[in-house]
Structure formats: structure tokens, C-alpha cells
Amino acid sequence: GAGVSQTPSNKVTEKGKYVELRCDPISGHTALYWYRQSLGQGPEFLIYFQGTGAADDSGLPNDRFFAVRPEGSVSTLKIQRTERGDSAVYLCASSSGTGGALEGNTIYFGEGSWLTVV
Amino acid sequence: SQQGEEDPQALSIQEGENATMNCSYKTSINNLQWYRQNSGRGLVHLILIRSNEREKHSGRLRVTLDTSKKSSSLLITASRAADTASYFCATAPYSGGGADGLTFGKGTHLIIQP
């Protein structure tokens, strides 16, 4: 597609439920990132994929969070046993190149998935 | 955790004036990037400056970087109402120094009064 596409755009779920958020990066981009942004804060890094593999998952807050990218394109962020503190906008981004943030390639962000846990 | 701190947190100016936002960071960096975010939308990359550069221009944007003070500034000249948005600085660490992702500050909310 023309840009990074994220679905759903909005998700309201009950505490304790399981949630999946999907990201479709720009075609041909090998690098894919997930960030989380709470109200009034800047985005916080969660995980970085290069191709199919998670090159850096140091930002995942705990083992309730998991992400996959099985074919090196679409990625799914999975959150188990959701908590109210998980409420945030989950942003996906992609770029060309293989060097992550160091390489300085332009990173293109999606519009985000707004998750509300009630 | 967030490395960058933007200053001011909020800025309101008249259309046509220049807007200056500052960013301070804590650890050594490979590059520093500025992003814009309109309310409820995704981030848009504006400009990147590498640690060996001191100043960079792109259209009405001017970015400076002072690695000795661990600070950067973003200047928007001849501001327009459409520049109203939140502006974030984001840093990329040296290789091996941390996550492969960017570390963002909390942002400056800029309002341009018509």
C-alpha cells in the first residue's frame, strides 16, 4: 500500500481479555517497528523487526506482550490478559534498510491503533 | 523510559512569527530526528541530523545540534496555521549502546494563532 496501515483504528476491550493489533507496512520495507504512546507522552519503543526476526525486543514491557512477523511483511502485536495500564495508542512504523535507528533511514508511521482497556 | 526532554512543553505564537523548540538528551547519540504529530494522527518525519553535524536546513526548518551540551533546537520560520501540531525529538543511540529503536521526548505542543 501507499502507507503504513494499522487495524483496528480503535479497540475497546475488557480487562483480562486478549487483543491483537495488525500492521501492514509499506511494500518492500524490511524494517518494522512497534511503539506505544500514552496520553501526553512521546512514543515508547517496543520492538524492531528486520525481516521475519525480532532484532530487538528490549522495549516490550513484560511477557504479556508479544509480536510476530511470520512472512516478513504484516506484523501482529499480541497482548494477553490486558490491564487498564495498557490503554494507549499503538503505533507501527516501517523503513527500508537494515540498520535500524542508527542508519537514519526515514521511518514512516501509521495512524495508530487506539486501545482502551475498561 | 524517555531520553529527550523538549522545551517548552507548549508554545503559542502568531502566524508569521518564528517558533523555536529545544530538546535535551542524556546519552551519546548516533543521530537525532524531529517528528511532527497532528492531533490523533501518526508521526511525520521532518529532519535528521547526525552526531557529526551541527546544523541542517529543510525548507522553513532549521535544526541545530550541540553534542557537548547534549541539546538540539528546531526552528520553524514564518509559521503558518498548518504548523499547529506536537513536535518530538527522537534520538538513536550509538551502535551497541541500546535499543535499535528511537527514544522520543514528551514533545512540544505548538499552536499558531491566525
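The values are calculated or read from the model by the stated rules, or taken from the named source; none is laboratory data. Here the structure is a predicted model, which is why all the values come from computation and not from measurement. We place every Cβ from the backbone using ideal geometry, glycine too, and count neighbours over all the protein chains shown. Note: areas computed on protein heavy atoms with side chains; ligands, DNA, RNA excluded. Shrake-Rupley method; radii C 1.70, N 1.55, O 1.52, S 1.80 Å.
Evaluate region A:19-31: report whether one residue or more is free of Cβ contacts under 8 Å to residues at least 40 places away in the same chain, farther than 26 Å from residue B:47 by Cβ and among the charged types (D, E, K, R). Checked region A:19-31: no residue is free of Cβ contacts under 8 Å to residues at least 40 places away in the same chain, farther than 26 Å from residue B:47 by Cβ and among the charged types (D, E, K, R). For region A:1-59, filtering for residues that are touching a Phe, Trp or Tyr at 6+ places or on another chain (Cβ under 9 Å), outside any strand (DSSP E or B) and charged (D, E, K, R) leaves 1. Against the test of being within 10 Å of chain A (Cβ to nearest Cβ), open to solvent by 20 Å² or more (accessible area, probe 1.4 Å), closer than 24 Å to residue A:95 by Cα and of a type in the set (Gly, Ala, Ser), the options B:40, B:59 yield a single qualifying residue, B:40. Does at least one position in region A:36-58 carry a residue that is more than 14 Å from chain B (Cβ to nearest Cβ) and free of Cβ contacts under 8 Å to residues at least 24 places away in the same chain? Scanning region A:36-58 turns up at least one residue that is more than 14 Å from chain B (Cβ to nearest Cβ) and free of Cβ contacts under 8 Å to residues at least 24 places away in the same chain. Residues that are of a type outside the set (Gly, Ala, Ser) and under 13 Å from the mean Cα position of the chain (by Cα) were ranked within region A:87-106; the one that is farthest from residue A:22 (Cα to Cα) is A:89. Every condition in (1) within 19 Å of residue A:103 (Cα to Cα); (2) surrounded by fewer than 13 Cβ atoms within 10 Å (Cβ to Cβ); (3) modelled with pLDDT of 95 or more; (4) not basic (Lys, Arg) holds for residue B:66 except the one numbered (1). Against the conditions (1) outside any strand (DSSP E or B); (2) more than 15 Å from residue A:25 (Cβ to Cβ); (3) open to solvent by 10 Å² or more (accessible area, probe 1.4 Å), residue A:82 satisfies every one except (3). Taking residue A:13, is it more than 27 Å from residue B:38 (Cβ to Cβ), crowded, with 16+ Cβ neighbours inside 10 Å, at pLDDT 90 or above and among the polar types (S, T, N, Q)? Criteria not met by residue A:13.
Would it be correct to say that residue B:31 is farther than 17 Å from residue B:105 by Cβ, within 13 Å of another protein chain (Cβ to nearest Cβ), touching a residue at least 12 places away in the same chain (Cβ under 8 Å) and touching a strand residue (DSSP E or B) at 6+ places or on another chain (Cβ under 8 Å)? Against the criterion (farther than 17 Å from residue B:105 by Cβ, within 13 Å of another protein chain (Cβ to nearest Cβ), touching a residue at least 12 places away in the same chain (Cβ under 8 Å) and touching a strand residue (DSSP E or B) at 6+ places or on another chain (Cβ under 8 Å)), residue B:31 does not qualify.
Every condition in (1) among the aliphatic types (A, V, I, L, M); (2) within 10 Å of another protein chain (Cβ to nearest Cβ); (3) surrounded by fewer than 19 Cβ atoms within 10 Å (Cβ to Cβ) is met by residue B:78 except one, and the failing one is (2).
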